1. For the stretch 20-25, what does the Karplus curve 6.51 cos²θ - 1.76 cosθ + 1.60, with θ = phi - 60°, yield as ³J(HN,Hα) per residue in whole Hz, taken in order and with x for Gly and Pro?
2. Relative to the present Cα-Cα distance, how much length would full extension add between residue 57 and residue 20 at 0.36 nm per residue of separation?
3. For the stretch 15-77, compute the orientation-averaged projected area of the C-alpha convex hull (one quarter of its surface), in nm².
4. Enumerate the residues in the stretch 61-79 having an amide nitrogen under 18 Å from the point lying 7 Å beyond the Cα of residue 44 toward its Cβ.
Amino acid sequence: MSTDSAFCFCLFARANTFAEFGLTGSTDAQIESFLETAMPWMDSQSYVQRYAYFGAFSGYLLNSAANGLSDYGSVYATYV
């Protein structure tokens, strides 16, 4: 996974908030690995108060039927 596939929209409606972050062009396994690395890191930074993954909709954090979490949505849910 190359670091140039990661993205972050840093919208500071509130100080130290990452409004959206995620990966593009990656497999579910790569996204899970990214989350397992990025979220603990963000949690350990004193200047990061909030963050949100991009895509609380079908095919992202939700499964394709939009009636439950996707595999990496489940990973995300363990950290928030």
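Throughout, read-outs are computed from the coordinates displayed, never taken from laboratory work. Since this is a predicted model, take the numbers as computed values, not measurements. Here the Cβ is made from the backbone with ideal geometry for all residues, glycine too, and neighbour counts use every protein chain on show.
1. 8, 9, x, 10, 10, x
2. On the way: separation 37, 0.36 × 37 = 13.32 nm, distance 1.34 nm.
Fully extending the segment from residue 57 to residue 20 adds 12.0 nm.
3. On the way: hull surface 16.7 nm².
With the hull built on Cα positions only, its mean projection is 4.2 nm².
4. The answer is 79, whose backbone nitrogens lie closer than 18 Å to the label point.
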